[in-house]
Amino acid sequence: MLDAATSHHLLGCSPETSVVMLGTATYPCLGPFSVWSPSMLADLIYVCICVCIYIYNIYIFFFFLTGHAGNACLEMVISMWKNLLQTMKERILQQRRMSVYNQAHGYEEELVKKQLQQFAGGSINLTKEDSGIGILTLNNPKIMNAFTGTMMLELQERVTELENWKDGKGLIIYGAGNTFCSGSDLNVVKAISNSQDGMNMCMFMQNTLTRLMRLPLITVALVQGKAIGGGAELITACDFRLMTPGSEIRFVHKLMGLVPGWGGGARLVRIVGSRAALKLLSGATRVDPERALHLGLSEETLSSSDEAGALEEARAWLSQYTEGPASVIRATKEMVAAGRELLLEAALRTEKDIFGTLWGGPANLQALATRPKHK
Ligand SMILES: CCCC(=O)SCCNC(=O)CCNC(=O)[C@H](O)C(C)(C)COP(=O)(O)OP(=O)(O)OC[C@H]1O[C@@H](n2cnc3c(N)ncnc32)[C@H](O)[C@@H]1OP(=O)(O)O
């Protein structure tokens with residue numbers, strides 16, 4: 001189940017239509033704030049107190065400046081602060097409702113970020129094309145695009161950028177240098193090989209990949225070469241996977257005395273079913289394009305093996321599903337995401353809410369006026 005705020009994200013459905021999950025406590029007595037965790041409420045109370053102090057200071061300033069209360073100025077200041085408060089509230093909510101972990105789970109994001117910052121190298125690049133398709137490149141080819149700490153941070157930044165890309169319809173993720181990704185940089189793995197640091201990195205990456213999975217974009221992982229360990233986990237956060245000839249997906253975690261920690265285990269079960277997932281994880285099995293197709297892990301095997309050709313094929317494949325108004329494509333993805341994550345009744349209500357955003361809207365009216373038949 002999802003918490004109310006999460007399903008609210010899964011397309012603006014009213015929180016009361018949602019079911020509770022993801023560990024965020026609910027407080028019915030708090031009415032509209034009922035989905036806020038104690039730490040979120042503390043954040044808000046802190047902001048409110050700061051705002052009051054600021055307003056009071058400004059009031060005193062105008063009082064002395066004008067010799068009277070300066071009511072008009074005061075009203076303007078109050079209204080500015082109200083807007084600011086609203087924006088901050090929305091930002092906090094947006095980030096929290098997309099994520100799995102927050103302070104209520106003992107997750108201190110700023111501390112985790114500081115630690116990851118120490119392990120530099122590589123980059124995550126994003127290009128937003130006019131067609132509404134974004135291209136996200138994992139760029140650290142010297143070590144097969146393994147994730148350094150700064151790449152983890154950059155992935156989070158790019159996901160935020162994509163959340164704010166209102167014209168976006170689709171996303172292709174691929175690795176530079178003809179290979180996808182060999183997971184976490186083993187130097188980082190060694191440096192943070194204690195339980196607490198590992199859990200922090202795990203929560204950070206689960207939050208980022210959950211937000212990636214919930215983007216209102218149709219997402220495709222283009223697997224060239226190898227998708228290993230965390231790289232195999234990353235591809236499960238996409239809606240679809242396309243493989244090139246000779247490529248391979250492999251969950252090697254068992255060989256490292258681990259299980260997936262970036263959410264790849266839970267997502268793999270939903271993609272291929274629990275029996276196949278158990279085999280792939282406990283056997284650390286090499287999955288070639290043929291087997292991936294058979295398991296439903298891949299949609300198609302592309303014919304090109306080179307980067308430019310494969311990318312072009314992936315674009316063409318994705319554009320079959322991204323043609324049309326962004327509002328409709330995005331709503332479709334969000335509706336499917338709700339169906340994937342919510343219990344049936346909550347998913348139905350979300351579908352109704354999403355439907356309501358489109359019915360009688362510009363795309364709907366234009367379709368009615370120009371294309372009443374679908375022969
Ligand atoms: C919750 C997250 C869990 C995780 O992701 S843990 C990490 C899981 N990944 C791994 O264990 C991958 C280890 N690497 C390998 O098994 C092999 O390098 C791999 C990916 C099969 C590729 O084999 P080959 O094609 O023969 O290439 P190669 O071994 O010569 O690699 C080329 C250079 O890349 C380096 N590399 C590959 N994966 C890396 C990684 N994850 N971290 C750090 N360095 C990595 C590798 O050491 C080699 O560098 P160099 O040429 O020896 O300097």
Charge tally for neighbours of Arg158 with beta carbon under 11 Å away, counting Lys, Arg as +1 and Asp, Glu as -1, is -2
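With r as the distance between the Cβ atoms of Ser303 and Leu111 and R0 = 56 Å, compute the FRET efficiency 1/(1 + (r/R0)^6) and round to 0.05. Write out the running numbers ahead of the final one.
Working: r = 47 Å, r/R0 = 0.84.
My answer for the efficiency is 0.75.
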Measure off, as a whole percent, the carbon and sulfur share of the 1.4 Å-probe accessible area of the stretch 197-302, all protein chains present. 56
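Of the listed pairs Lys128/Lys226; Lys82/Lys352; Lys142/Lys190; Lys190/Lys254; Lys113/Lys166; Lys128/Lys352, which have alpha-carbon separations greater than 20 Å here?
Values: Lys128/Lys226 25 Å; Lys82/Lys352 31 Å; Lys142/Lys190 18 Å; Lys190/Lys254 16 Å; Lys113/Lys166 27 Å; Lys128/Lys352 31 Å.
Where the Cα-Cα span goes over 20 Å, the pairs concerned are Lys128/Lys226; Lys82/Lys352; Lys113/Lys166; Lys128/Lys352.
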Per residue, how large is the accessible surface of the stretch 295-375? Use a 1.4 angstrom probe and give square angstrom. 62
For the stretch 274-325, shape from the Cα gyration tensor axes a ≥ b ≥ c, cut at a/c of 1.5 then a/b versus b/c, turns out oblate
Provide the FRET efficiency to the nearest 0.05 for the Ala266-Ala72 pair, computing r from the beta carbons and using R0 = 56 Å. 0.50
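If you filter the stretch 268-375 for chymotrypsin sites (Phe, Trp or Tyr not before Pro), then keep DSSP loop positions with at most 10 other Cβ within 10 Å, what is left?
Numbers: sites: Trp317, Tyr321, Phe355, Trp359; in loops: Trp359.
Loop-located and lightly packed - Trp359.
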With every protein chain present, what accessible area does Thr357 have (1.4 Å probe, heavy atoms only), rounded to the nearest 10 Å²? 90
Result for the stretch 149-261: accessible area per residue, probe 1.4 angstrom, in square angstrom, of 30
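Compare the peptides 105-118, 257-270 by average per-residue count of other Cβ atoms within 10 angstrom and give them in order, highest first. Mind dumping the intermediate values first?
Numbers: 105-118: 14.7, 257-270: 18.2.
Most protected by this proxy first, the peptides run 257-270, 105-118.
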Relative contact order (percent, whole number), the stretch 215-319, Cα cutoff 8 Å, 6+ residue spacing: 30
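The values are calculated or read from the model by the stated rules, or taken from the named source; none is laboratory data. As the structure is a computational prediction, the values presented were derived from the model and not from experiment. Here Cβ is always computed from backbone atoms with ideal geometry, including for glycine, and neighbour counts include all displayed protein chains. Protein only, heavy atoms only, side chains kept; ligands, DNA and RNA dropped before computing areas. Shrake-Rupley method; radii C 1.70, N 1.55, O 1.52, S 1.80 Å.
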